[in-house]
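The values are calculated or read from the model by the stated rules, or taken from the named source; none is laboratory data. Small disclaimer: the values here were computed from a predicted structure and weren't measured. Heads up, the Cβs are rebuilt from the backbone with ideal geometry, glycines too, and the neighbour counts pull from every protein chain shown.
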Amino acid sequence: MPAAGPDPLTPHPVPGHPRVGFLKAFVRQANIEVGDFSYYDDPEGPEAFVERCVLHHYDFMGDRLVIGRFCAIATGVTFIMNGANHAMTGFSTYPFNIFGHGWEEGFDWATIQAGFKGDTVIGNDVWIGHEATIMPGVTVGDGAVVAAKSVVAADVPPYAIVGGNPAKVVRQRFADEVVAELLSIRWWDWEIDRITRNLDAIRGADLEALRNAA
């Protein structure tokens, strides 16, 4: 009988490598959603992922960070959330109001809200490279790859490879018709025993085998 796969709540799923951690074991914030088996790799350990990697994320802003299943997040990846925004409706972007002592008087919250970009959404089976930065409100599609040190300021199509600052599409991983079928199959939503039985098809490049996986 084949193994059923690891427990997605295991803090350190790779024996002898405490730098790797399944994020579901560490993320407790209501405004962050993490899918099963998505992991963070950091030589200082994954325990402080939220504090080190998710910046300017304040409950009162109302935005969420959503990370799908089976994502690989490398050391130093940074998610910049909407709390980093400064008002840009006037002549100055300086946040006078946060320092108080009378500077908060007359501040209009709508000047900040005008710059909100919404939730940041990372799809399933996404690989984000070393020290990449994901800007507020970005959606990274299923199966995408973000190159190291990229700054992602716009949505990334499914199964695209992007790189640079600002990140641009370098190439699509597969032909359009293959991408469409992969998005229809959605293997990451299968039951774990089905995934385990069909690992050769999932990590291979045989679309017919993936179609017929049971």
*Taking interchain pairs and intrachain pairs at least six residues apart, which have beta carbon atoms under 7 angstrom, with the first residue in segment 13-37 and β-branched (Val, Ile, Thr) and the second part of a loop (DSSP other than H, G, I, E, B) and surrounded by fewer than 15 Cβ atoms within 10 Å (Cβ to Cβ)?*
VAL20/VAL14
_Per-region count, segment 23-40, residues in contact with a Lys or Arg (Cβ under 6 Å, 6 or more places away or on another chain) and among the acidic types (Asp, Glu)_ = 1
*Looking at (1) surrounded by 15 or more Cβ atoms within 10 Å (Cβ to Cβ); (2) out of contact with any Leu (no Cβ under 8 Å at 6 or more places or on another chain); (3) at pLDDT 95 or above, which is the one condition that is false for LYS117?*
(3)
*Output yes when any residue across segment 187-203 is touching an Asp or Glu at 6+ places or on another chain (Cβ under 9 Å) and part of a loop (DSSP other than H, G, I, E, B), and no when none is.*
no
*Consider PHE70 carefully, then state whether it is surrounded by 13 or more Cβ atoms within 10 Å (Cβ to Cβ) and in a loop (DSSP other than H, G, I, E, B).*
yes
*Looking only at residues in segment 28-49 that are surrounded by fewer than 20 Cβ atoms within 10 Å (Cβ to Cβ) and of a type in the set (A, V, I, L, M, F, W, C), which one is farthest from THR120 (Cα to Cα)?*
ALA48
*Got at least one residue in segment 4-15 being farther than 16 Å from MET135 by Cα and in the same structural domain as VAL145 (by TED's automatic domain parsing)?*
no
*Looking only at residues in segment 139-150 that are crowded, with 19+ Cβ neighbours inside 10 Å and among the hydrophobic types (A, V, I, L, M, F, W, C), which one is nearest to the chain's Cα centre (by Cα)?*
VAL140
*Looking at segment 122-138, which of its residues are surrounded by 19 or more Cβ atoms within 10 Å (Cβ to Cβ) and not in a loop (DSSP other than H, G, I, E, B)?*
ILE122, ILE128, THR133, ILE134
*Hey, any hits in segment 79-98 for a residue that's in contact with a Cys (Cβ under 9 Å, 6 or more places away or on another chain) and at pLDDT 95 or above?*
yes
*From GLU177, GLU191, GLU208, residue being of a type in the set (Asp, Glu) and under 23 Å from VAL121 (Cα atoms)*: GLU191
_Among the residues that make up segment 65-86, is at least one of them touching a residue at least 60 places away in the same chain (Cβ under 8 Å) and in contact with a helix residue (DSSP H, G or I) (Cβ under 6 Å, 6 or more places away or on another chain)?_
yes
